[in-house]
Amino acid sequence: MNRSVLTVGDLSADEIGDVLDRAQDSKRQGRREGAQLAGKTALLIFQKPSLRTRVSFELAVTNLGGRALYLSPPEVGLGERESPEDVGGVAGRFCDLIICRTFDQNNLDRLAASSGVPVVNALSDWEHPCQALADVLTIREHGGTSGRTVTYVGDGNNVARSLAVAAAGEGMHVRIASPLGYELDAESVAAASRRADMSGGSVSTMSDPVEAVHGADVVYTDTWTSMGQELEAKRRLEAFTGYQVDARLVGSASPGASVMHCLPAHRGEEITDDVLDGPQSVVLDQAENRLHAQQALLAWMFE
Ligand code: CP
Ligand code: NVA
């Protein structure tokens, strides 16, 4: 099937459930999947740096019998050297799948419209859908999803947006605490709430991190300054004062709550070393699950 995954909303809650069931199965069986990408080539077009996303996608493609080609940030000049339509049209003649990390979500829409092959969002300024798949998989493994509470503390950014929709679809109670001016936009909150209405979950936003974390089963944070926002770093550091995930804040969550971070972390800013490296942290499972979740997603897409 020619399905692109540009946002979490491109997958229904049931489809996410199926992909994650499949990821859990293949993880238990030692990473064996079929050869859904045999003879196929995936082109990775990355406009920003990456450790987890690049490695996990290259491995996933290889494990499914395919071949991955990586183009680094200076190489393609998506939207600068060449229009997304021209890049998409050419890439679609060479390759069977495009995996793209970019700034503007619009670049992904334009690639998908012009390439004739599936496009997967490997992070944009708007969403990080594959991260959210791995996040929900990790929560499933650490106590389960339905009826439990995940609190996201920090910037209402790409990671928060994708997580809210994916977790709400699994029946979770999603709370998001952000300072004024950095909240998740109302449309994304509404999209997550619609999923929650169907699944028995809920979505709430607030400004007080202590109230948001109180009794939570999962405490999640991400950097206050995302890639491309470096010039705003000083202003953001000030705006997010009081939003650091430290031992005191985690202490108000439910006992044994999981601590999550998509990484890379700005240690000492949004999260302290003792929490990130502490016994409640599941960040390495989260990172590993990028592979399992994406492998299952690609297998499902190319079945
Ligand atoms: N979490 C994540 O996307 O990491 P990378 O930027 O290293 O790919
Ligand atoms: N919000 C971060 C996530 C990095 C994986 C960013 O976009 O830089």
Equivalent ellipsoid semi-axes, segment 206-303, via Cα gyration tensor eigenvalues times 5, rooted, Å: 26, 20, 12
Please compute one quarter of the surface area of the Cα convex hull for segment 69-158 and express it in square nanometres. 7.5
Kindly state, as a whole number, the per residue volume in cubic angstrom of the convex hull around the alpha carbon atoms of segment 119-170. 74
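Would you calculate the convex hull of the Cα atoms in segment 223-262 and tell me its volume per residue in Å³?
Looking at segment 223-262, the number lands at 66 Å³ per residue.
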Against the longest principal axis of the chain, how steep is helix 52-63, in degrees 0 to 90 to the nearest 10, with axes from Cα atoms? 50
Separation of alpha-carbon centers, segment 1-39 and segment 148-188, rounded to whole Å: 23
Fraction of antiparallel bridges per DSSP, the chain only, in percent to nearest 5: 0
Reachable aspartates and glutamates from Lys40, criterion Cα separation under 20 angstrom, eight or more residues apart if same chain: Glu58, Asp96, Glu303
Which one, Val282, Ser258, Phe302, is farthest towards the positive end of the dipole of segment 244-303 when Lys and Arg carry +1 and Asp and Glu -1 on their Cβ? Phe302
Listed by chain and number, the lysines with an alpha carbon less than 29 angstrom from that of Lys234, same-chain partners under 8 positions apart left out, are Lys48
What relative contact order, as a whole-number percentage, does the chain give when Cα pairs under 8 Å and 6 or more residues apart are counted? 20
Please state the equivalent ellipsoid semi-axes for the chain: what are the square roots of 5 times the Cα gyration tensor eigenvalues, largest first, in whole Å? 31, 22, 17
If you average the sequence gap of Cα pairs under 8 Å that are 6 or more apart and divide by the length of segment 105-149, what percent do you get for the contact order? 23
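Laboratory data are not the source of any read-out in this text; all were calculated from the coordinates shown. Everything numeric here is computed off the predicted structure, so don't read it as measured data. Using ideal geometry, Cβ is built from the backbone for each residue, glycine included, and neighbour counts are taken over all protein chains shown.
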